[in-house]
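Undergrad: My questions all concern the structure below.
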Amino acid sequence: LLAFHDRSPKAKLHALVIPKRFIESIYSLTSNDVELVQDMREMGLQLVQQQYPQAYDKNDYIFCFHIPPFNSVDHLHMHVLAPASEMSFAYRYIKYNCGTRWCIDDVTVVERL
């Protein structure tokens with residue numbers, strides 16, 4: 001896995017966690033990828049804990065994937081955003097709002113695999 005800062009951050013911490021091997025989107029994942037998604041979450045948790053420990057302690061973060069065709073890059077990537085409570089309304093409750101047609105959280109991705 002690799003992690004890097006988003007080129008257009010929407011939170012104080014806005015990182016992307018990506019697999020080294022090419023996976024186009026969440027639709028390309030199979031049951032064999034459960035551990036991969038769990039590892040992506042673990043890396044996200046480490047980033048939040050290291051950079052914003054108060055957000056980590058309060059679960060004040062968002063981990064999400066955009067659902068095609070609402071993704072901008074065709075390489076699987078998980079957004080790590082923290083502290084979520086300080087994000088603008090549009091980004092917290094619209095663009096990165098899990099449970100919508102365009103955004104899904106990592107836990108739900110694993111459940112569906």
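Bear in mind these aren't lab numbers, they're just calculated from the coordinates by the rules spelled out. From a predicted model like this one, the values you see are computed outputs, not experimental measurements. Here the Cβ is made from the backbone with ideal geometry for all residues, glycine too, and neighbour counts use every protein chain on show.
Undergrad: Does region 14-33 contain at least one residue that is among the hydrophobic types (A, V, I, L, M, F, W, C), part of a loop (DSSP other than H, G, I, E, B) and touching a His at 6+ places or on another chain (Cβ under 9 Å)?
TA: Restricting attention to region 14-33, the residues satisfying the condition of being among the hydrophobic types (A, V, I, L, M, F, W, C) are 15-18, 22-23, 26, 29.
The next check asks that each one be part of a loop (DSSP other than H, G, I, E, B); those that pass are 22-23, 29.
Filter again for touching a His at 6+ places or on another chain (Cβ under 9 Å), leaving 22-23.
Yes, region 14-33 contains at least one residue that is among the hydrophobic types (A, V, I, L, M, F, W, C), part of a loop (DSSP other than H, G, I, E, B) and touching a His at 6+ places or on another chain (Cβ under 9 Å).
So that you can scan it fast, the table gives a plain yes or no per residue for (1) touching a residue at least 40 places away in the same chain (Cβ under 8 Å); (2) of a type in the set (Lys, Arg); (3) surrounded by 19 or more Cβ atoms within 10 Å (Cβ to Cβ):
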| residue | (1), (2), (3) |
| --- | --- |
| Lys10 | yes, yes, no |
| Leu13 | yes, no, yes |
| Ile67 | yes, no, no |
| Arg101 | no, yes, no |
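Undergrad: Testing Val109 on (1) over 12 Å from Ala11 (Cα atoms); (2) outside any helix (DSSP H, G or I); (3) among the aliphatic types (A, V, I, L, M); (4) in contact with a Phe, Trp or Tyr (Cβ under 7 Å, 6 or more places away or on another chain), one condition comes back false. Which one is that?
TA: With (1) over 12 Å from Ala11 (Cα atoms); (2) outside any helix (DSSP H, G or I); (3) among the aliphatic types (A, V, I, L, M); (4) in contact with a Phe, Trp or Tyr (Cβ under 7 Å, 6 or more places away or on another chain) applied to Val109, the lone miss is (2).
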